[in-house]
1. Step by step: first the residues of region A:273-298, then only those that are in contact (Cβ under 8 Å) with a residue 60 or more places away in the chain and surrounded by fewer than 20 Cβ atoms within 10 Å (Cβ to Cβ), then the one that is nearest to the other protein chains (Cβ to nearest Cβ). Which residue is that?
2. Could you check, for region B:212-232, whether at least one of its residues is out of contact with any helix residue (DSSP H, G or I) (no Cβ under 7 Å at 6 or more places or on another chain), modelled with pLDDT under 95, among the basic types (Lys, Arg) and outside the structural domain of B:Ala116 (by TED's automatic domain parsing)?
3. Return the residues of region A:27-68 that are more than 9 Å from every other protein chain (Cβ to nearest Cβ) and of a type in the set (D, E, K, R); say none if nothing qualifies.
4. Taking A:Thr129, is it within 13 Å of another protein chain (Cβ to nearest Cβ) and among the hydroxyl-bearing types (Ser, Thr, Tyr)?
5. Can you name every residue in region A:112-121 that is surrounded by fewer than 22 Cβ atoms within 10 Å (Cβ to Cβ) and touching a residue at least 60 places away in the same chain (Cβ under 8 Å)?
6. Limited to region B:234-271, what total is found for residues that are crowded, with 17+ Cβ neighbours inside 10 Å and free of Cβ contacts under 8 Å to residues at least 12 places away in the same chain?
7. Could you list, in sequence order, the residues of region A:49-69 that are part of a loop (DSSP other than H, G, I, E, B) and farther than 19 Å from A:Arg160 by Cβ?
8. Scan region A:301-331 for residues that are out of contact with any Leu (no Cβ under 9 Å at 6 or more places or on another chain) and either over 30 Å from B:Leu314 (Cα atoms) or away from chain B (no Cβ under 12 Å) (or both) and report the count.
There are 2 protein chains.
Amino acid sequence: MRVKKSAISAIVLAAVLFAGVAWAEEPIEPVPPVKEVNLAKAELGKKLFFDPRLSKSGFISCNSCHNLSMGGSDNLKTSIGHKWQKGPINAPTVLNSSLNFVQFWDGRAKDLKEQAGGPIANPGEMAFTHDLAEDVVKSIPGYVTEFKMVFGDDKIDIERITAAIAEFEDTLVTPNSRFDQWLLGDTNALSEDEQAGYKLFKDSGCVACHYGMAVGGSSFQKMGVKEEYKSKSKAEGRKAVTGKDEDRFNFKVPTLRNVELTYPYFHDGQGKTLTEAVDVMGRLQLGKKFTDEENAKIVAFLKTLTGEQPSFTLPILPPSSDKTPPPKPFE
Amino acid sequence: MRVKKSAISAIVLAAVLFAGVAWAEEPIEPVPPVKEVNLAKAELGKKLFFDPRLSKSGFISCNSCHNLSMGGSDNLKTSIGHKWQKGPINAPTVLNSSLNFVQFWDGRAKDLKEQAGGPIANPGEMAFTHDLAEDVVKSIPGYVTEFKMVFGDDKIDIERITAAIAEFEDTLVTPNSRFDQWLLGDTNALSEDEQAGYKLFKDSGCVACHYGMAVGGSSFQKMGVKEEYKSKSKAEGRKAVTGKDEDRFNFKVPTLRNVELTYPYFHDGQGKTLTEAVDVMGRLQLGKKFTDEENAKIVAFLKTLTGEQPSFTLPILPPSSDKTPPPKPFE
């Protein structure tokens, strides 16, 4: 089943046209509220996103580290994987991730479908294999019928599993933040301080990297331009993909949408608070030391980027059958 | 806000009265669909139930082991605790747990409120302390206002935290299973095999322990009556509470509601499938070896005990503040 853009988006569109595209002059664009989505596929993907049986342990699901109750992140410095392994990097939010130009901090996946297969087979994360994940899903009668309903035939493979997860993730946008309301013409949506914070954000150069619908997610940039960034993390960023020395510490610029919810910050999670993150970014990337007052205004602006969180019914997962391979949490 | 029993329950009640209490002769009673509930308190409790910040790691919530997508259980032999510790016992389902006469396998908590405090402070589970849990909740502005709204004043303590969680858990009943529809007079709700399975369940003596609304949860019974139960588990059951030798291997009889979803079975999770569990129970508790056909009928009956799963919107948790003590997943 396919649904077209909702009535709400039509209304928004009308409002925008009426206002003569209020944000045309701005470097940030509103998050589009709905995109065309295959609802049945997204519902299947939602189940898979919440299903810990895609991990070796039967304990870790996509939602464990991209927790949709918590801004699509885990709010930990770095994530916890199979057998409590300490992950090398801070889990990026899944919210609005469909707006990223590539996926992962180092951009090693071109889209959400490719991304979704990564953690399942990563020995430090869900520690499964694609083959075993397929075997588990094929053994669950409720999934067998649902895959057939969605895809039209009996095939269940990692391609379809990750395609369904990606379809669900496409729905995880957060429109209608106060900032977007302001962009769309509601001049009362932001306080004076918040507007001043946005002006500072633009005038100081933050928007050079944090722009567009996602306020980021559109380019790789070096972490530590004006000053070296000192990290305990071994992550080298884009270099891990290209092998080039000049790509060392180049990371995908993270989205600032819902940044109020996605603490702690940076690829290594070393930025504890928004105040600290703004300070570090100003100094290291722009060579600018914000005053406490400036910092507070930018933080106030950033908090207006919190949009409507995805609202949906907790999925009920189809039960395993007697033939389902049991999880192996302690192996 | 308090709501009275819903219109649906009124209709059910009317239907029951009309049928002259169809189940009056039966040892199993229908799960009551709604009870009086303080909705605001239950909504707060739902957030806390899903909040991993009640654990030391910031990674484990009540829902981690009592997963409401998976029959209120984790579908693991024994649960995974802080730093991937292997738990000593199979996580009992939280579904219909309000119908249990006591909580935990050994009955060491008199009610759900008392139960809820256990895992938070258990070093092998969430590994926190009640004091630290209180500090975290007090530091989160969204919780501060919500506690005040629910309880009428500023106090936030473990008593109120667990009271809210218990209020939410009171809502986790699963009415309207096919078996209950049959009890309520819909003679077509069960197939002949399922009805034959129920008759076997009664005639063989299973109902001596598995009776009432929850089909269990009403008494302690010895595991291994006719034959010794061989387990790798160190759990001694009720003896751990009373200290009495005669209480060794006495466990609370688990509910069989939604038993199709709460695999694996028994206090040690050694029963992999319903077929196996029925066989073991028949031999060890009743001295009866069911034929394959009998076993299949009983299993068919047990699957009719799957009720309507709790349906609710995934809660969005209020974000931490700069003052919130950060989680310590690797300490």
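1. First, pick out the residues of region A:273-298 that are in contact (Cβ under 8 Å) with a residue 60 or more places away in the chain: A:281-282, A:284-288, A:290, A:294, A:296-298.
After this cut, where a residue has to be surrounded by fewer than 20 Cβ atoms within 10 Å (Cβ to Cβ) as well, the list is A:284, A:286-288, A:294, A:296.
On the way: A:Leu284: 20, A:Leu286: 23, A:Gly287: 25, A:Lys288: 22, A:Glu294: 17, A:Ala296: 12 Å.
Only one residue fits best here, namely A:Ala296.
2. The answer is yes, given that some residue of region B:212-232 is out of contact with any helix residue (DSSP H, G or I) (no Cβ under 7 Å at 6 or more places or on another chain), modelled with pLDDT under 95, among the basic types (Lys, Arg) and outside the structural domain of B:Ala116 (by TED's automatic domain parsing).
3. Of everything in region A:27-68, those that are more than 9 Å from every other protein chain (Cβ to nearest Cβ) and of a type in the set (D, E, K, R) turn out to be A:Glu29, A:Lys35, A:Glu36, A:Lys41, A:Glu43, A:Lys46, A:Lys56.
4. On the way: within 13 Å of another protein chain (Cβ to nearest Cβ): no; among the hydroxyl-bearing types (Ser, Thr, Tyr): yes.
It is false that A:Thr129 is within 13 Å of another protein chain (Cβ to nearest Cβ) and among the hydroxyl-bearing types (Ser, Thr, Tyr).
5. Selection gives nothing.
6. Residues that pass the stated criteria total 1.
7. Step one: of region A:49-69, the residues part of a loop (DSSP other than H, G, I, E, B) are A:50-51, A:55-61, A:66, A:68-69.
Listed by number, the residues that qualify are A:Lys56, A:Ser57, A:Gly58, A:Phe59, A:Ile60, A:His66, A:Leu68, A:Ser69.
8. Residues meeting the conditions: 2.
The values are calculated or read from the model by the stated rules, or taken from the named source; none is laboratory data. This structure is a prediction, so every number in the text was calculated from the model and none was measured. A quick note on method: Cβ atoms are made from the backbone with ideal geometry, for glycine too, and the neighbour counts reach across all protein chains shown.
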